[in-house]
Structure formats: C-alpha cells, structure tokens
1. Determine the relative contact order of the chain: mean sequence separation of Cα pairs under 8 Å and six or more apart, normalised by residue count, in whole percent.
2. Calculate the FRET efficiency for residue 529 and residue 482 from the Cβ-Cβ distance with a Förster distance of 41 Å, rounded to the nearest 0.05.
3. Treat each spin label as a single point 7 Å out from the Cα along the C-beta direction, and report the residue 201 to residue 387 distance in nm.
4. Please name whichever of 475, 215, 426 sits farthest to the positive end of the charge dipole of the chain, dipole taken about the Cα centre and charges placed at Cβ: Lys and Arg +1, Asp and Glu -1.
5. Given a Förster distance of 22 angstrom, what is the FRET efficiency for residue 512 paired with residue 468, based on the Cβ-Cβ distance and rounded to 0.05?
6. So what are the three principal axis dimensions of the stretch 440-485 from its Cα atoms, in whole Å, longest to shortest?
7. Tell me the volume per residue, in Å³, of the convex hull enclosing the alpha carbons of the stretch 402-540.
8. When the helix-only estimate is applied to the chain (DSSP H runs of n ≥ 4, each -39,500 (n - 2.57), divided by the residue count), what is the mean residue ellipticity at 222 nm, nearest 500 deg cm²/dmol?
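Every number in this text was worked out from the coordinates using simple rules, so none of it is lab data. Nothing here was measured: the structure is a model prediction, and the numbers come from that model. Neighbour counts are summed over all protein chains in view; Cβ atoms, including those assigned to glycine, are modelled from backbone coordinates with ideal geometry.
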Amino acid sequence: MKKIIHRSHNSKPLKNEDKKSVWWKYGIIYQIYPRSFYDSNGDGVGDIQGIIQKLDYLSELSIDAIWLSPVNTSPMYDFGYDILDYREIDPIFGNLNDFHQLIEGAHKKNIRIIMDMVMNHTSHLHPWFIESRKSANSPKRGWYIWADPGRNKRPPNNWRSAFGGSAWEWDEKSGQYYLHSFLKQQPDVNWRNEELKAAMFDIIKYWLNAGVDGFRLDVVNWFIKDRHLRNNPFSLIPHHFQKLRYDRNRKSVHKIFRELRTVMNSYPERMTVGEVFTMPPGDPSLSASYLGKGDDELHLAFDFSLMYRFWSARQIYKCISRWYSHIPERGWPCNVLSNHDQPRSITRFGGGNESKKRARVAAMLLLTLKGTPFIYYGEEIGMKNTKLKKKDIKDPVGRLYWPLYTGRDPARSPMQWSDETNAGFTKGDIWLPLCNDYKETNVRKESEDTYSLLNFYKRLIKLRKEHKALYMGSWEPVLKGYDGIIAYFRKFQDETIFIVLNFSNKRKKVQLHYRGQWKVLFSTHKFIHEHFIELSFKISPYEATMIKRLGDL
Ligand code: NOJ
C-alpha cells in the first residue's frame, strides 16, 4: 500500500476508558426543541409527555441521548432561555413527575437525558433578580452586574446586547444600570460572586441527583466579563463594530469550568457540552479552549464553524481540519450541522430540487466524522426552514429585525410526523406554522420507504455503532475538498474504513492507489458488497460511499 503522509487526528483513548463511561464520546446526541416535538395534550405546544410518547421513535433511530432545549419554569421572553425557577418544570411542558418519568422511560431504552442549563443570565422575574434590584444594598446586589451610569446618565460602557441595542438597562428605583447580554428580561448574573457560583453549582447537583446525564451549557464564553467594564475597542468587522474583547471570552472563565468538572467527576457517566457562542465564521481555537487540557474542563464544546458553512467541499474540509487541529490531545470533538438558533442545514446548503441529495452527503459526513454527532430534530427526515409571515413570528429577535432577519422560528417549526392535519404534531392550535412540505416530508412516509432519508440516517447510525473505526478511530484525510470531493480514512487497530463524498453535481473519478480488498459498506449509489482492488472508481453526482478494507490482496 502506498504510504501517503497527511495530517490525521489521532487523539489517544483515555486511560481506563470504558465505553459506558464515555458514552458521550462514542454515542449520538439528538437535540429536541420541546415546544416543537410532539404535543400530547392538544394545547398546540410540544411537551414532556409528548417526548415520552415518541421514545420508541428515538429508540429505533438508535440515538444515545436527547438534549432538551430548556424546560424549566420561564416567562418565555426568550422561549425558555430565561429561567425563573431552575428546579421546576414549566407547566407548558408538564411537571416534575413528567420529567422524572421521561428520565426513567428514556433510561429503560438506553437513552440519556441532557438538560439545557442557562446560567449566564436568569429571567428578570427570578427571585434572585427581584431581590437584587430592590436596592443598591440588597444582599443579592452582587449576584448580578450593576454599574453606575456614565457621563450624562449614559450606559456605563459601549457593550451591546446580542439582540441589539445597549447591553445596559437603567433601573430608576435603585439608581444603577444592570447588564443584559441578551434581552433586558435576561439580566446577566455575576459569576465572580462566590455565593452565586455556589447556588448555580447546587442546581447542577440537584439535577445530577435527579438522574440527569448531562448539561448543555448556554453561552459558556460569556460567563465572565471584564472586572473594570472596559469599553470594547472599535473594529471594522460589522458585528456591532466592536472587537468583542471585554464583554466575553475572558481567560478567567476557565476556572469556573475546572471547578465544575470536579463536581461532574464525582457523578459517574455524566457530561457537559458548552455552547461557545461565536459570530461567523466561527472560532475553533476558542471553542476548543473550553475543553481545557482535554479532561479538566467541559467534556465537549460546540464549534459553530460547520454551522456557518454553505455548500462548499473545500470550505467544509478546511473547517473540519481546523477544528480537529485545535482539540487538545486528551480532548474529544463534537460535530453539528444545525440547531435551534441557525437555519436548518438542508436550507443553508441550498440545492433546490437537489437538496435531499445534498442532505445525504451531509448526513454521511456528520455520521462518519471523528467526534460526537449532534442531530437536530427533523434533520433526519430532511426538514427545511419554514417561511413565516410577520404575524406568525414569535421569536423576539425575528420581531425586532423583520423583514431583514426573520429570527430563529423558521428552524423551530413543529416536527413533521405524518401527512395528517398539523402533520400529526398536535390536535390543537399549532403554536408555529408548519413547513408546507409536510405531506411529502414526514416520519410516517419516510418510515415506509426503504430509500428515504430517514432510513438512510438509521442505517448510518447503525453502521457507526457497529464499527469502532467510525466511533473511536483516527481521521486521516486524503481528498481535501478540491474539485468538490472530500475523502478520508477512519481507522482503529486493524479496521480501516474509507469514506468518499462528492459535493458536486458532476460525475468524477477517484484514483487512489491503495491496493487491497475493499468492499462497499454503504452508499447512495454503489451496490453494497461491490468489491474493489484499489480505491479507483467513478463517482456519481452527490455520491456518498463508505468502503471497508477487508485485507491485503
Ligand atoms: C444561546 C441560545 O442557544 C439562544 O437560543 C438564546 O437566545 C441565547 N443563548 C440566550 O440564552
């Protein structure tokens, strides 16, 4: 076999690593936006009992864990990302009993539960904030970030809210401004305050004791702000025309996650995944920094680069290889194509009539890369962004920026279960309009069709689970996106799997002189079991193929 020197990503398995305790590395995680998954009580909004009723579906898909977007009590200014009681479940989703039932039911099916913990800010209606804003002398004043006005009663500095406008809100009664990096109904807490930190860690322990398997932590890179509240410097990059230097990404934030890891380590088999919120084009080095040395901060961290990429093999290749190059030796990557804040991948990747072909290439990429795959609900059936009228928009960001930006609702539309009324999602008044393709794109129809995208996902997931090379092997790229093709090996001990993805709509030739016995494991175009004696063959437009090495010739 010809030896080719290329960059590989070979982080070594951790010592004493058994598959069960690192399920979060080798498993597949499925994100559910609970409002939109399944409505069990006919109020038009998805709920926890609805998820319980769909556990069989998730179990057949063979995912290992569910990440639930927030279900805690919230006034819903930001649809749950503004929590007012961290220890309770919002009545719209059910109650604590339902949640415990979900944990139990999911665990019986070997599905773990990851909760979304929003701890950079609380709701303005949280009792801590109500107390904090009572007066400048409140015992909880230091739990939030308060500051005196600048000149002429102006805000203390130039920091901007991610959703627009100043990040400071004047509080007439107590005579100071408070910081809100998002809506003014989401005041930022002060993680430098030891009492606040202890209170947050108690909440983490409360849910760990309740049997939760992990946490997705919201905007981890914003937890600590500059102590001196310095102005962000001017920048030509249009995002607020500021270098986002002092309001986020502070180095001292890492101490919090080292402490959190100590807490997590005292509970076996639990994990954290941090949302490292960055602007396009993403920042893999920053994202990877939240893994610390690889085993002393967060277990996983999201890098948004892939979510910010359009349909370009070269761009996608570069972003994957950069991401891997920043992962610390003992760390582990995760990969994600869509979430509840970004356009759905199938829409972002464009392609019109060809979009479902692209979706298969993207699926094979996601499920054969090194690193934990995150699937956003509906991605497995090819759900697209929904087109919405102004009157239908619920997301505060969409309402603010309409028609320039419709916000995040287009990617949050209800799951398409069948071609029945409301796509079988609810018997009530649906909270957000469906995507108009639900008669063709739905779970029932795709379950019955052997060649559907859903069955394609199921097969890929199964293959990933069956092959160590795919879930724990090295990643060794050979074709790096030039000419529209990405190809790589995944290897573990004597198992070698070759994956080739044609991102273009043209027929191409692959000519790689790796001699041996090769057998097609799975493909959009080739016959399963087809044999090759070297990796030289024609590939069809949008072909995605996985080939296993059987041995030498
Ligand atoms: C990131 C979350 O993903 C997003 O939905 C939310 O609006 C902001 N953080 C604020 O919590």
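1. 13
2. 0.85
3. 5.3
4. 475
5. Working: r = 23 Å, r/R0 = 1.03.
For R0 = 22 Å, the calculated efficiency reads 0.45.
6. 38, 30, 12
7. Taking the convex hull of the Cα positions in the stretch 402-540, it is 177 Å³ per residue.
8. Values: 15 runs with 134 residues, N = 553.
Result for the chain: -7000 deg cm²/dmol, rounded to the nearest 500.
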